Amino acid sequence: MTGAGLAALALRYAAGTARADRSWPVQVESRLRNLGEVDEVSILPVVERLTRDGGELVGEPGLSYLVRAGGTRLLFDVGLSGGRDRSALVRNAGHLDVDLRDLDAVVISHRHADHVGGVGAMRRHTFAFAGEPLEPAGVPAYVPTDMHHDRARVVPTTGPRVVAPGVAVLPPLPRMLFWLGAVAEQALLVNVRGFGLVLISGCGHPPIERMLGVAELVLDVPIRAVVGGLHLPVHPVGTPLLPQAILGSPHPPWQPIGEADVAHVLDEITARGPRVVALSGHDSTPWTMNEFGRRLGDRYRTLRVGEELLISAARSRSAEGAG
């Protein structure tokens with residue numbers, strides 16, 4: 001790339017960052033009311049980079065979780081390989097006895113390939129479970145940006161919104177990425193009776209203090225668990241995470257994601273007194289996961305396909321489970 005091209009990208013990045021910082025407060029002016037509670041929430045990774053040992057489960061650098069909260073079953077993101085007839089989502093769902101036709105909702109965190117089913121789906125502004133249409137007809141799909149779908153009933157998110165008893169989405173929060181441009185990402189919240197809020201993140205592109213702060217603005221309930229991707233590919237050389245470290249970085253290329261970023265995220269999370277923190281390996285390196293474990297001790301989990309995370313007032317534990 002020429003010096004002029006890099007300078008143009010730097011100007012776009014600076015302008016986009018300023019726009020993102022100005023725009024997000026408008027989206028959280030209204031508080032959530034009548035959210036309700038659930039007795040427990042189950043989060044089952046169906047797509048992740050890492051898998052539990054043994055068996056037929058496959059990993060990929062994408063993310064998809066089956067979330068069961070009260071009587072609601074929803075799919076949070078759909079992974080990377082949705083353009084294939086036998087996608088990782090479909091294959092793993094079969095081995096875990098997860099019926100992808102029996103869903104109450106789909107939530108898409110953001111329109112990046114590893115969350116909507118591949119590059120083709122991303123470019124078409126849609127999402128895909130697999131190469132053939134498997135999405136339940138008419139299922140509501142809560143999306144953070146302009147998207148469409150031939151089978152699902154697409155519901156754009158413009159502010160905090162209750163999507164089921166005890167379950168809500170945060171407004172899409174903007175972030176400027178140097179190479180990929182602007183992205184808007186929404187997180188999922190589950191209010192567990194006697195426990196507090198469980199925040200589920202796809203990639204964590206918005207700053208952690210913004211995601212946690214917005215949750216606190218719209219709900220007067222303490223955040224007790226943070227689950228999912230937080231985009232912390234620190235020391236990526238020698239790992240499969242160089243694309244995430246370069247293309248998905250919120251920093252300019254001369255300022256790589258580093259140990260200070262992990263320390264900042266951990267400081268923000270631990271300030272809330274969490275009881276559970278479970279990190280996705282699809283966008284975080286072994287160094288990052290080890291540091292989370294060192295700081296958090298037995299409150300920390302690494303998310304793997306097939307290992308269910310069950311949270312309730314009575315217990316918060318990780319268990320191997322199936323849908």
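The table below lists the values:
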| read-out | value |
| --- | --- |
| Interatomic Cα distance distribution for the range 104-174, bins of 5 angstrom, percent | 4, 17, 28, 26, 17, 7, 1 |
| 5 angstrom amide H check on Thr51, placed H, neighbours 5+ away | Val305 |
| ³J(HN,Hα) computed for each position of the range 146-158 - Karplus, 6.51 cos²θ - 1.76 cosθ + 1.60, integer Hz, glycine/proline x | 5, 9, 9, 7, 6, 10, 6, 9, 6, 10, x, 8, 10 |
| Computed over the range 122-254, Kirkwood Rh from alpha-carbon pairs, angstrom | 16.5 |
| Residue-normalised accessible area of the range 192-264, given per residue in Å² at a 1.4 Å probe | 36 |
| Per residue Cα convex hull volume in Å³ - calculated over the chain | 126 |
| Val98 long-range amide H proximity, modeled H, under 5 Å | Gly323 |
| Rounded to the nearest 20 debye, dipole of the chain from Cβ charges on Lys, Arg, Asp, Glu | 420 |
| Gained length - Asp53 relative to Thr270, 0.36 nm times residue gap less alpha-carbon distance | 75.1 nm |
| Within the chain, longest stretch free of exposed chymotrypsin sites (Phe, Trp or Tyr not before Pro) [DSSP loop, at most 16 other beta carbons within 10 Å] | 1-178 |
| Dipole of the chain, positive direction: furthest Cα of Ala182, His264, Leu89, with charges on the beta-carbon | Ala182 |
| Arg111 - accessible surface, heavy atoms, 1.4 Å probe, Å² rounded to 10 | 60 |
| Calculated on alpha-carbon atoms, Rg and Dmax of the range 55-167 in Å | 13.1, 41 |
| Distance (nanometres) between label positions extended 7 Å along Cα→Cβ at Trp179 and Leu217 | 3.1 |
| ³J(HN,Hα) computed for each position of the range 59-72 - Karplus, 6.51 cos²θ - 1.76 cosθ + 1.60, integer Hz, glycine/proline x | x, 8, x, x, 8, 7, 10, 8, 10, 10, 9, x, x, 9 |
| Cα-centre dipole for the range 216-284 with unit charges at Cβ (Lys and Arg positive, Asp and Glu negative), debye to 20 | 180 |
| The chain: most fluctuating residue of Arg124, Arg210, Arg151 per GNM, C-alpha cutoff 10 Å | Arg124 |
| ³J(HN,Hα), Karplus 6.51/-1.76/1.60, whole Hz, each residue of the range 268-278, x for Gly, Pro | 5, 6, 5, 5, 8, x, x, 9, 9, 10, 10 |
| Fraction of accessible area attributable to carbon and sulfur, the chain (%, probe 1.4 Å) | 51 |
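The values are calculated or read from the model by the stated rules, or taken from the named source; none is laboratory data. Predicted, not measured: the structure shown is a model, and the values here were computed from it. Positions of Cβ are generated from backbone atoms using ideal geometry, with glycine treated the same way; all protein chains shown enter the neighbour counts. Areas reflect the complete protein model, heavy atoms only, side chains present, ligands, DNA and RNA absent. Shrake-Rupley method; radii C 1.70, N 1.55, O 1.52, S 1.80 Å.
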